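The structure appears below as structure tokens.
Bear in mind these aren't lab numbers, they're just calculated from the coordinates by the rules spelled out. None of the values given here were measured: they were computed from a predicted structure. Don't worry about glycine lacking a Cβ; one is built from the backbone with ideal geometry, like all the others, and counts go over all protein chains shown.
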Amino acid sequence: MKSPPSPALIVVTLSLLLGLQSVTTDLYLPALPTITNSLGASMGQAQLTLTALLLAFGCSQLVWGPLSDRFGRRPILLWGLGAYVLASAGCALASSIDFFIGWRMVQGAALGAGVMGARAITRDLFTPVEGAHVMTKALTGLGLLTIITGPLGGLLTEAFGWRVAMFSLCVFGVVTLGVVAWHFTESNPHKNPQALNPATLLRTWRHIARHPTFRAYAALSTATYAGLFTFLATSSFVFIQVLGLTNTHYGFVMGTMPLAYIAGTFLCRRLLPGRGVLRTVAIGAGFTLAGGGLMAGLAGAGISSGWAIMPPFYLYMMGHGIHHPCAQSGAVGPFPQAAGAASALNGFLMMVMAFAVGGWLGSHMDGTVRPLAYGVCFWSVVTALVAWTWVQKHGNNREH
């Protein structure tokens, strides 16, 4: 029988599982214009390689969550990570944009198991307040991964082509699968034999969706991620095709973004003990709104350069580094017996919104920086309003 993992190993495991989503998007973004040209894809199809992945990611969590409540986190993680490795290899070998999009959907569905599992494991092992603290550590690790993946994606694409860049996702999946297989013991001590019963499942989801604390934190996580997704979905085309950066230079620009995110997670960890979750979230909204407003103001003044985009977005990412761990932990906090289902529903809402945002962006890219800047600004306003009102009213985690 395996001994329980150490706290450090738990943080490493959570970082790898949460990092699946960021690595899967950030590493391939520098290659996206090259993939688009190589496979003869349109702008809409190029956007679909990202939005289809995220829609599959969101929908799959509604399946993975109840399955993990019924059978445990470990078997679901093993199956999901195995499928992720297979799908990553399929993406690297795809002969057409249709096959590429298909494998990206499988990849998205598979990584849903990892990200959902990480959130559920946090609730299995920790109280909501402790979970927010642990989540900041795990998300700091995620940020370190992201610093590497952006530049690595650009370098691999320039040196060896986009297929090698996509194959590196397969390698990351194998490493994560190995850590879970050899070092992770089951964290869910109370498996629910009724978790997959349709009537029970509907009652559980209805109870979660009606809970005011879940709604508040789900709205916060959805809004802050929508702003980040707006940047991710547009930045490769803006920086490479509008501002003229190379794939490698764009990758290094992306590699600087997680530094602000890591700073936000460190600040969150410092604020939580003395200020509590609600005040910490409110402070984070100040960074979010300042970043989005400054970016939109510079774009409206006709200033189009990397310097007009990245420093304001660093402020946004600091706010995201505060909101992300608090919202992820807060959304599942009231549901210790249904952490998988709560995590799944929260992730589903985030990805449905990302899919909608991606669809809008696919038809509104106009060869300028404005769709990126105005989109981030819009979501910064929404995030701040949610943080200053809804979360303040309903954000105290209470088990019901």
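Worth a mention:
- Within the listed set Trp307, Trp379, Trp162, the Gaussian network model of the chain (springs between alpha-carbon atoms below 10 Å) gives the highest mean-square fluctuation for Trp307.
- (i) 22.3; (ii) 20.7; (iii) 23.4, with the label sought being that of the calculated Kirkwood radius over Cα pairs in Å: (ii)
- Residues in segment 187-216 reached by a label modelled at Lys393 [backbone nitrogen below 16 Å; 7 Å Cα→Cβ]: 210-216
- Taking every C-alpha pair closer than 8 Å and separated by at least 6 residues, the mean separation divided by the residue count of the chain gives a relative contact order of 28 percent.
- Inverse mean reciprocal Cα-Cα distance (Kirkwood Rh) of segment 20-149, Å: 15.6
- Segment 121-184 versus segment 1-58: alpha-carbon centroid distance in Å: 9
- The phi-based Karplus calculation (6.51 cos²θ - 1.76 cosθ + 1.60; θ = phi - 60°) puts the 3J(HN,Hα) values of segment 156-162 at 5, 5, 5, 7, 10, x, 5 Hz, whole numbers, x for Gly and Pro.
- Relative contact order, percent, segment 5-140 [alpha-carbon distance under 8 Å, six or more residues apart]: 36
- Taking the inverse of the mean 1/r over every pair of distinct Cα atoms in segment 297-351 gives a Kirkwood hydrodynamic radius of 13.6 Å.
- Summed over all non-identical Cα pairs, the Kirkwood treatment of segment 323-362 gives a radius of 11.1 Å.
- Most fluctuating residue given options Ile101, Ile240, Ile147, as computed from a GNM of the chain linking Cα atoms under 10 Å: Ile240
- As a proxy for reagent exposure, ranking Lys191, Lys137 by other Cβ atoms within 10 Å from fewest up yields Lys191, Lys137.
- GNM result for the chain, Cα springs below 10 Å: residue of Ala299, Ala223, Ala132 fluctuating most strongly: Ala299
- Rg(Cα)/(2.2 N^0.38 Å) for segment 223-333, N = residue count: 1.13
- Shape call, segment 1-77: gyration tensor on alpha carbons, a/c limit 1.5: oblate
- When peptides 358-369, 314-325, 380-391 are sorted by average Cβ neighbour count within 10 Å, with the highest value leading, the order is 314-325, 380-391, 358-369.
- Karplus-derived 3J(HN,Hα), 6.51/-1.76/1.60, for each residue of segment 274-291, Hz, glycine and proline x: x, 9, x, 5, 5, 5, 4, 4, 5, 5, x, 5, x, 5, 4, 5, 4, x
- Largest first, the extents of the alpha carbon coordinates of segment 251-290 on the three principal axes equal 36, 20, 9 Å.
- Convex hull per residue volume in Å³, alpha carbons only, for segment 325-400: 93
- Label-point separation, Trp307 to Ser6 (7 Å along Cα→Cβ), nm: 4.6
- Normalised by the number of residues in segment 196-316, the mean separation of alpha-carbon contacts (under 8 Å, six or more apart) gives a relative contact order of 21 percent.
- Put simply, segment 90-217 fits an ellipsoid with semi-axes of 33, 20, 15 Å; these come from the alpha carbon gyration tensor as the roots of five times its eigenvalues, largest first.
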